[in-house]
C-alpha cells in the first residue's frame, strides 16, 4: 500500500516592520509566548505560540506599507469564542466595528487588525 503525505500544521509568516513591536503586541496583549527569535536584541525573524497556534514574523522595510496592498488575513479556529472575545476586549486591540457575530456561512466570529495591518479572525462553527 502506498504511503501518502499528511499535512499536520501550518505556520503562517506575517510581514512586520518591527519584530520587537510585533512580539510585544502578540505576547502582552493577545497572550502568546515567544517560541524563538533569530536575535535576542534586534530580531528579523521570530515565532510565537499560544495553545496549538504558531505564527512567525518576518521583518520587512517599513516603506512597503506606503504602497497600498492587501496584507495577510488569518482565520483561526477557536474554542470558547466568547471568552476569547472578552479577553481581547480588555486589552484594547479591537477597532470601532469589532463585534462577536454569527455569520451567514455558519460561524460565530470576530476580527481585527494587528498594528501591521495583518488581519486576524477568530471563529468557531455554529
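Every read-out reported here was derived from the displayed coordinates using simple, explicitly stated rules and does not represent laboratory data. Remember, it's a predicted structure, so these values are computed and weren't measured experimentally. Ideal geometry is used to build each Cβ from the backbone, glycine not excepted, and the neighbour counts take in all protein chains shown.
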Inter-probe distance in nm under a simple model that places probes 7 Å from Cα toward Cβ, at residue 60 and residue 33:
3.0
With P(r) over Cα pairs in 5 Å bins from 0, in percent as the read-out, I listed (i) 2, 10, 18, 22, 18, 14, 8, 5, 2, 1, 0, 0; (ii) 2, 11, 21, 25, 23, 12, 4, 1, 0; (iii) 2, 9, 12, 11, 12, 10, 9, 8, 9, 8, 7, 3, 1, 0; which label goes with the value calculated from this structure?
(i)
In whole percent, what relative contact order does the chain give with Cα contacts below 8 Å and a gap of six or more residues?
23
Which order do 6, 57 fall in if you start with the one that has the fewest other Cβ atoms within 10 Å?
6, 57
59, 105, 65 arranged by Cβ crowding within 10 Å, fewest neighbours leading
105, 65, 59
How would you classify region 24-78 from its alpha-carbon gyration tensor, with a ≥ b ≥ c the square roots of the eigenvalues: rounded for a/c under 1.5, else prolate if a/b is greater than b/c, otherwise oblate?
oblate
Just want to confirm a number: the relative contact order over region 82-126, from Cα pairs under 8 angstrom separated by 6+ residues, in percent.
29
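If neighbour count is taken as other Cβ atoms inside 10 Å, put 103, 98 in order from fewest to most.
Sorted ascending by nearby Cβ count, the order is 103, 98.
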Working out 0.36 nm times the residue gap between residue 99 and residue 126, then minus their Cα-Cα distance, what length gain in nm do you get to one decimal?
8.1 nm
Kindly rank 110-120, 66-76 from highest to lowest mean number of other beta carbons found within 10 Å of each residue.
110-120, 66-76
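DSSP beta bridges in the chain, what fraction antiparallel, as a percent rounded to 5?
Values: 19 of 28 bridges.
If I count the DSSP bridges inside the chain, around 70 percent turn out antiparallel.
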What is the calculated FRET efficiency for residue 75 to residue 4, with r their C-beta to C-beta distance and R₀ = 25 Å, to the nearest 0.05?
0.45
Region 8-75: relative contact order as a whole-number percent, Cα under 8 Å and 6+ apart:
36
